[in-house]
Structure formats: C-alpha cells, structure tokens
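Written out below as structure tokens is the structure these notes cover.
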Amino acid sequence: MKLLTFLGTGNYAQTTYTWEDQEVTTKYVAAAINEFFDIDTVQAFLTTEARDTHWMMFSKAVKNAEEVFIPSGRSEEELWQIFEAVVNAVEPGETIVLDVTHSFRSIPLFVFLAGTYLQKSRNVKIGGVYYGAYERDRERSPIFDLTPTLKFIDWLTATDKFLDTGSAKNLGQLLTNIQRDFYKQGRQKREPVSPRQLIGFGNRIQAISESIELVRPLKLMEETALLDKISYEDLQNDVGAFAQPFSLLLDKIQADYHQFALPNPREASPQKTLSKQVDLLAWYIDKSLSAQAILLGRELTVSVLCTALKFDYLGKTERQDVERGLNSLVAWRENTQQPRPLALEGLITMMPNLDLDWLSKFWSQLREVRNDLAHTEMRSDSLSAAKMSEFVKGNLLEEIKKLMTVLP
C-alpha cells in the first residue's frame, strides 16, 4: 500500500496524532499515518521551497519516503503538471492512501479528485483518505477518516448516468449496498432505526433500467406499476436517514418512471399498451438511445396495424401477416403496374382512409434502418451512424403518432 502525502512550507509544530487507540508524536502527520497503517512506501509531493524547508527532517521521520517534485499550482498548467505527477506515481491496480492535511492552496482538493479519477480509470483502490486535525492549544490531534466522502463521487457518477441515459442501475446498486452493508455490520443491534425499503426500491429501479435498456416494454410497464406497492413515506424516511444524496432524485425517478406504469399490460386494452410504448419511444429519442428507438419503432408499427385490423398484436402468425402486407405494399408501390397483392386487401378494407403512399415510404425507410442495425454493419452498403441517428431524431416519433390515429 502506498501513501501519497503533500508538504507545504508551513511551520509544522510537534503534536501527538491519535488514531483509535494508537498515537504517535511527530511534526508530520504522514509519519503518524505511516505507522498507523500498513504502508509500504510513501510518495511525498513537494515544491522546491517545501523541500528546502522540510525534506531533511521529514526524510528522517519517514524513512520509506521518496520525494516527488511538483509546481506550486498557481495556474491551470501547473495543476495539470501536479495531476501528471500523481498519475505517474501510481501503478494500475495499486492501493493508495491519501493524506490531504498539508499543502498549498487548493492542491489537496485537486489531488483528492485526481485520486478518485484514478480509481475509475486505472482500477486504483483507495484504502483511505485522512486529515490530521492539528490544534495549537491541544496536546493531541485526532486524524479524521475522510474516506466516506469518496461515496459522493459514486453518487455523482450514478446521478449523471441517470440524467443522461435514464438508467438508474448504478443508483439502485448504491441503495441496495447501503442496506446490505448496514445489516452485515450488525448496526441494527446498536442503532435506533434500520433501513427497510432501500433494497426493494433499489432492486426495482435496476430491473426497470434493464427493461428500458433491453427494450422490454411490457415488462417495463409491470415493473414501474410495482413501484406503487412500496410505501413512499417509509422510503422517504430511509433515504433521509441513510442515503441523503438520493433524496434530491427520488421524486424525479418516481415521476420519470411512473409514466410507463400499467399493471397487467398483456390483459390491458391494446390502445393503452401501445400508448405507453409511444411514451417509451419518446423517452428513447430524448435520451439519444437510437438503437432502442429503431427497434421499438419497427415493432410498434406492426403492433398498431395488428390492433387496427383487430388481430392479436402479440400473435406470431398475425404479426407475420401484417409484415407480409407491409412488404407487399412497398414492392407494389415501386411497381404499380403489377396487380395489387392479396396481402394488401385486409389493410385497405379495414382502413380505407390509410395513406398508402405515406405508409409505404415510412415502412421502407424504417425497415431498412432496422435491418441495417440488426446486421451490425455487416453489409457492403451499410448506413452510417449519422444517417441512422438522423432518421431517429428526424420524424420517427411523429410518424408513429400519425400511424396511431388509425386506431379506433
């Protein structure tokens, strides 16, 4: 385990640093941390001025220390030089401990952020973040464990993912971990209140997120409807007591996901189910989830026409019949001198006001984009990602809404 510490030019006074039942008397908090924990090497980051002031005494107090020169951090360029120095001092997968007690200006904060970046980008494990709380008028100075603040980075990352993509999988995992760790540590035996709802709600929003990502609209409706069975008041109490960062997102997640809620969607009226799927299509487009939007848009087209024809929109044979009719329509509109295919008769009879030219063009485009997506560019004339995205963002939602008007 490697300790990263920082030295400034201040006049550090001798004090007795304490950690649990241990204590070390020294001028340098890094010397105490070095003894309190299983530290192999110490990387001491310091400016030229700090070296002149402290290195001789520090190296005697911390014999396993190595010096790393850094600038003062007075400019953005110098801050990035410090970042590079920290990165170069840490190997991928290594475990580090951060001492953020001493240094100049905002360097401790910057290094803390650099450490959390390494945690994500290089699989670096942060064994702890510590601050020596020196007080001039007291003989003993406690060392504070700031490691829990790292969880704010996890909350930030999970929140950003939810706002950007609509996926609450990471947020759900954080909630379930809080309740699971609470009971694993036996805290229910010594604390007056215990979390009851975090695992249930966390698992539910993870399941909802998977249904969204994998285009499971019917399962999504079922899962979001089940949110109503969780006591909102109890959930609020648990969040307030054990997951405060989540309190800012709870109402938004409830509102965003509740729009898809429909108990027993397979037994509900097709019009209700399809309307919810249109809402999901709008969600995909808004979140730039183009692949999901293309897949859902194609199936929605078939489902709407099945329903308009009074077919079972979930029936395999019925869907195949409608698909054949749509494909026959495209082929016929490309060569109208041919007799009208029998597969079109049902569409024309049941929906005499249907604009066949519009439907032919729309289905032809949608079919091409969907097939190109499914074949993962394994075609000589594949579409570009930009073209596919343009199709989704252009008028896919409006065309599906127009098609929905054929429903009774």
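Between a first residue in the stretch 174-199 that is touching a residue at least 24 places away in the same chain (Cβ under 8 Å) and β-branched (Val, Ile, Thr) and a second residue that is surrounded by 12 or more Cβ atoms within 10 Å (Cβ to Cβ) and assigned to a loop (DSSP other than H, G, I, E, B), which pairs have beta carbons less than 6 Å apart while being 6 or more apart in sequence or on different chains? Matching pairs, first to second residue: ILE178/ALA243. Please verify whether the stretch 352-364 includes one or more residues that are of a type in the set (S, T, N, Q), part of a helix (DSSP H, G or I), surrounded by 12 or more Cβ atoms within 10 Å (Cβ to Cβ) and in contact with a Leu (Cβ under 7 Å, 6 or more places away or on another chain). Yes, there is a match, as at least one residue in the stretch 352-364 is of a type in the set (S, T, N, Q), part of a helix (DSSP H, G or I), surrounded by 12 or more Cβ atoms within 10 Å (Cβ to Cβ) and in contact with a Leu (Cβ under 7 Å, 6 or more places away or on another chain). Checking each residue in the stretch 165-186 for being buried (at least 17 other Cβ atoms within 10 Å of the Cβ) and small (Gly, Ala, Ser) picks out GLY166, SER167, ALA168, GLY172. Here LYS2 clears all of (1) more than 27 Å from LEU150 (Cα to Cα); (2) in contact (Cβ under 8 Å) with a residue 40 or more places away in the chain except the condition numbered (1). Annotation note: of VAL129, VAL111, VAL90, the sole residue that is of a type in the set (A, V, I, L, M), in a loop (DSSP other than H, G, I, E, B), buried (at least 16 other Cβ atoms within 10 Å of the Cβ) and assigned by TED's automatic domain parsing to the domain that holds TYR12 is VAL90.
Just wondering, is there one or more residues in the stretch 352-366 that are at pLDDT 95 or above and within 31 Å of the chain's Cα centre (by Cα)? Yes; the residues of the stretch 352-366 include at least one that is at pLDDT 95 or above and within 31 Å of the chain's Cα centre (by Cα). Across the stretch 263-312, the qualifying residues are those that are among the basic types (Lys, Arg) and more than 21 Å from PHE362 (Cα to Cα), and the one among them that is surrounded by the most Cβ atoms within 10 Å (Cβ to Cβ) is LYS276. What number of residues within the stretch 60-80 are in a helix (DSSP H, G or I), surrounded by 14 or more Cβ atoms within 10 Å (Cβ to Cβ) and either more than 36 Å from the chain's Cα centre (by Cα) or not hydrophobic (A, V, I, L, M, F, W, C) (or both)? Final tally of qualifying residues: 2. If the condition is being in contact with a His (Cβ under 9 Å, 6 or more places away or on another chain) and among the polar types (S, T, N, Q), then the stretch 224-237 contributes only THR224. Which of the residues belonging to the stretch 365-408 are touching a Leu at 6+ places or on another chain (Cβ under 9 Å) and on the phi > 0 side of the Ramachandran plot? Within the stretch 365-408, GLU377 is the sole residue that qualifies.
Being part of a loop (DSSP other than H, G, I, E, B), under 12 Å from the mean Cα position of the chain (by Cα), farther than 30 Å from TYR28 by Cα and small (Gly, Ala, Ser) is the requirement here; does SER167 meet it? It is true that SER167 is part of a loop (DSSP other than H, G, I, E, B), under 12 Å from the mean Cα position of the chain (by Cα), farther than 30 Å from TYR28 by Cα and small (Gly, Ala, Ser). For the stretch 132-164: of the residues being of a type in the set (Ser, Thr, Tyr) and more than 23 Å from ALA89 (Cα to Cα), which is surrounded by the fewest Cβ atoms within 10 Å (Cβ to Cβ)? Taking the candidates together, the pick is THR157. Considering the stretch 394-408, and only residues there that are assigned to a helix (DSSP H, G or I) and of a type outside the set (A, V, I, L, M, F, W, C), the residue that is farthest from the chain's Cα centre (by Cα) turns out to be LYS402.
If you take the residues in the stretch 237-260 that are of a type in the set (S, T, N, Q) and within 19 Å of the chain's Cα centre (by Cα), which one is surrounded by the most Cβ atoms within 10 Å (Cβ to Cβ)? Spell out the reasoning first.
As a first pass, look at the stretch 237-260 and keep what is of a type in the set (S, T, N, Q): 237, 244, 247, 254, 259.
Narrowing further to those that are within 19 Å of the chain's Cα centre (by Cα): 244, 247, 254.
Values: GLN244: 10, SER247: 11, GLN254: 17.
Among those residues, the one meeting the criterion is GLN254.
The values are calculated or read from the model by the stated rules, or taken from the named source; none is laboratory data. Nothing here was measured: the structure is a model prediction, and the numbers come from that model. As a convention, Cβ positions derive from the backbone with ideal geometry for all residues, glycine included, and neighbour counts pool all protein chains shown.
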